[in-house]
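Enquirer: Okay, handing you the structure first.
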Amino acid sequence: MTRAKAKRRRVAMITGTRAEFGALETVLRAAHECKGLDPKLIVTGMHLLPKFGRTIDQIRDGGWRIDATVPMQTGRDEPGAEALAVARGIAGIAKAITRLDGDIVVVLGDRIEAFAGAAAATCGRRVLAHIHGGDRALGDVDDALRNAITRLAHVHLVASKDAADRLRRMGEAPSRIHRVGAPGLDDIRRFRQAERANRRRSDRRLRELLGLLAETPFAVVVHHPRGRSARLEAATCRQIVAAVEQCELAGVAIFPNSDPGHQGIIDVLSGLKRHPRWRIFRSLPREDYLRLLSRSTVLVGNSSSGIIESASLGTNAVNIGPRQSGRLRCGSSVIDAGETRQAIVRAIRQAIRRPKPATGRSVYGNGTSGQRIVEVLENLKITPSLLQKQLMY
């Protein structure tokens, strides 16, 4: 190791899902371009499971070096599985952080992978930086885990003014709060520029993904469980499928995340694989996902993509059920709906009639979040007072 290399600050970034890596990737890219940082990538969670597309392979295909892998979930949808996964995650991530000798640990969001990384970092006396703290989303145990990570974190990299204000009300010191925007918008900005530059290539890739459906109006369906039984999650998914079909749209659906109840959604979607008006994917590379969203008639489900990113892609979104309750909407292009077929149909038809949203500046920033985050991490003064938190109320 060279002397210059030894002086670089080691930043361990933890990723557990395809969606969160899509947002974290821009931070990782900026960190690699920064002379003062030495980024390390720890891959865990859903990335390692074939059931959800084994997206660790997509990370490698993107050219990223993986410095550690930590198995957490087994893929089984059964009581107690998430708690055991957290235990494995804390143990494995703690070992990885120690081996990599990370100065700062970065986690994003509110899932169990982020919580496991946060616990391992804080108990290991490492600086913990949390992206997307201060947001609200009812989810399953999402709000509880996000707030727990907030209490553990030494540095808050928040996506909006709304989130920053909430953290201050929670007693977090203003000096620890940095408003940087949502990193998921960064690659959308680059994607739109690339689409304009080579529309023909994009059209060809869309046909490869969808075949003849590329020529028809289609909805993208991304719907996650929220901690209920597989039976109840399957019932809601069937309502979504029926509503899309009643609105005379083709459907492009992506498997859900691994939260409890996921098997019910997977079973419904798997039953559509031979349906001529549906295309089902376990997972997709980020660029393909953005392409489908930007070309779709509407995004349907309860993914954070609809709440944070859809307006920046020029797409109206139907948000179903209470999973995203309380989260700041990216614009009036987000239409909330109940979980019945009739409610979803009304919302989809409203979205179809509504003009496409403008893709300008968002309440979640202007697409430069990755660079802002890296600047905070590079210039951070790591002192005993930073590591010893005291709430301000």
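Enquirer: Can you give me the span-like helices of the chain, meaning DSSP H runs with 27 Å or more of Cα extent along the axis and Kyte-Doolittle mean at or above -0.5?
Expert: The answer, listed by residue number, is 81-100.
Enquirer: In whole Å, what is the distance between the alpha-carbon centres of the stretch 178-246 and the stretch 316-393?
Expert: First find each Cα centre; the distance between them is then 16 Å.
Enquirer: Follow-up. Given 95/389; 95/273; 7/161, which pairs have Cα atoms separated by over 30 Å?
Expert: Working: 95/389 24 Å; 95/273 41 Å; 7/161 34 Å.
In this structure, 95/273; 7/161 lie more than 30 Å apart at Cα.
Enquirer: Per 10 Å bin, what percent of the C-alpha pairs of the stretch 1-145 does each bin hold, from zero upward?
Expert: P(r) for the stretch 1-145, in whole percents per bin: 12, 43, 35, 9, 1, 0.
Enquirer: Let me ask something additional. Could you give the semi-axes, largest first, of the ellipsoid that matches the stretch 256-393, computed as the square roots of 5 times the alpha carbon gyration tensor eigenvalues and rounded to whole Å?
Expert: Details: eigenvalues 228, 78, 59 Å².
Value: 34, 20, 17 Å, ordered largest first.
Enquirer: Then there is this: Let me check against my output: what whole-number percent is the relative contact order of the stretch 239-307, with C-alpha pairs under 8 Å and at least 6 apart?
Expert: 29 percent
Enquirer: To the nearest Å, what is the center-to-center distance of the stretch 269-300 and the stretch 75-105, using C-alpha atoms only?
Expert: Cα centroid to Cα centroid, the span is 31 Å.
Enquirer: Just flag the trypsin sites (Lys or Arg not before Pro) in the stretch 80-184 sitting in loop per DSSP whose Cβ has no more than 15 other Cβ atoms within 10 Å.
Expert: Those that pass, being in a loop and sparsely packed, are 125.
Enquirer: Grab the DSSP H runs of the chain that are 4 residues or longer, score each as -39,500 (n - 2.57), total them, divide by all residues and round the 222 nm result to the nearest 500 deg cm²/dmol.
Expert: Numbers: 15 runs with 168 residues, N = 393.
Computed ellipticity for the chain at 222 nm equals -13000 deg cm²/dmol.
Enquirer: While we're looking at this one, here's another question. Using +1 on the beta carbon of Lys and Arg, -1 on that of Asp and Glu, and nothing else charged, what's the dipole of the chain about the Cα centre, debye to 20? Numbers along the way, then the final one.
Expert: Numbers: 65 positive and 39 negative charges, 173 e Å.
That gives a dipole near 840 debye.
Enquirer: Would you work out which of 270, 32, 50 lies farthest towards the positive end of the dipole of the chain? Charges go on Cβ: Lys and Arg +1, Asp and Glu -1.
Expert: Going by the charge dipole, the pick is 32.
Enquirer: For the stretch 186-353, what does the equivalent ellipsoid look like in terms of its semi-axes, each the square root of 5 times an eigenvalue of the Cα gyration tensor, given largest first in whole Å?
Expert: Details: eigenvalues 113, 66, 46 Å².
Those come to 24, 18, 15 Å.
Enquirer: A further question follows. Per residue, how big is the convex hull of the chain when only Cα atoms are used? Give it in Å³.
Expert: Details: hull volume 51.1 nm³, N = 393.
Measuring per residue, one finds 130 Å³ for the Cα hull of the chain.
Enquirer: So for the stretch 186-353, taking the charge dipole from beta-carbon charges (+1 Lys/Arg, -1 Asp/Glu), which of 227, 325, 250 sits furthest toward the positive end?
Expert: Farthest towards the positive pole: 250.
Enquirer: Right, another one. What does the extension gain come out to for residue 358 and residue 194, with contour length at 0.36 nm per residue minus their alpha carbon separation?
Expert: Difference between extended and current length: 57.3 nm.
Enquirer: Sticking with this structure for a sec: Over the alpha-carbon set of the stretch 1-78, work out the extent along each principal axis and list the three values in angstrom, largest first.
Expert: That gives 49, 19, 17 Å along the principal axes, largest extent first.
Enquirer: Would you mind counting up the charge near residue 393? Only other residues with Cβ under 10 Å from its Cβ, with Lys and Arg at +1 and Asp and Glu at -1. Write out the running numbers ahead of the final one.
Expert: Numbers: positive: 168, 169; negative: 172.
Surrounding charge for residue 393 is +1.
Here, each number is a calculation from the coordinates, and none is a lab measurement. Keep in mind the model is a prediction, meaning the values are calculated, not measured. Glycine gets a Cβ as well: all are built from the backbone with ideal geometry, and neighbour counts include every protein chain shown.
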